[in-house]
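Asks: Okay, here's the structure, questions in a sec.
The numbers here are math on the coordinates, done by the rules we state, and not lab data. All values reported here derive from a predicted model rather than from experimental measurement. Positions of Cβ are generated from backbone atoms using ideal geometry, with glycine treated the same way; all protein chains shown enter the neighbour counts.
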Amino acid sequence: MSDNKTTLFLHGFPSEMDKQARIDFVLEKFGEYDETITEANIKIIENREYGGLKNFCFADLDFAGAKKAMSSDLNGFAFDEDSKLSISIAKPREARDNSGYNNGGGRSNNNW
């Protein structure tokens, strides 16, 4: 994220919506609030465990545009009856605690 951008958390994409369709949607809809948004400002999240895409992504917009987008009709936009877009400011990812029991692969921290 650049210094003058705010990262938005966009949640609620339908599972059948492919990566390019999500990028196109974000560029078209959020471009109304920040004319400088490009594909480089969008992070689509893939599900490493099951394949496919998760139902959320992140987009970097200027602060004023991000505020407008969150209070617009896009927040609650219905893709279909099961998928509604939710827009919020992204929170920093919490650090994972890799110490203790079961920290990967089901193995304990025993050194033997």
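Asks: Sort Asp73, Asp62, Asp24 so that the residue with the fewest other Cβ atoms within 10 Å of its own Cβ comes first and the one with the most comes last.
Replies: Listed from fewest to most nearby Cβ atoms, that is Asp73, Asp24, Asp62.
Asks: Also, quick follow-up: Long-range amide H contacts for Ala90: which residues qualify at under 5 Å (H placed 1.01 Å from N, peptide plane, sequence gap of 5 or more or a different chain)?
Replies: Thr7, Leu8, Phe9
Asks: If we count other beta carbons within 10 Å of each Cβ, what is the order of Glu28, Glu49, fewest first? Intermediate results must be reported in sequence, preceding the final value.
Replies: Values: Glu28 10, Glu49 6.
Starting with the residue having the fewest Cβ neighbours, the order is Glu49, Glu28.
Asks: What does the extension gain come out to for Arg96 and Ser72, with contour length at 0.36 nm per residue minus their alpha carbon separation?
Replies: Answer, rounded to one decimal: 5.2 nm.
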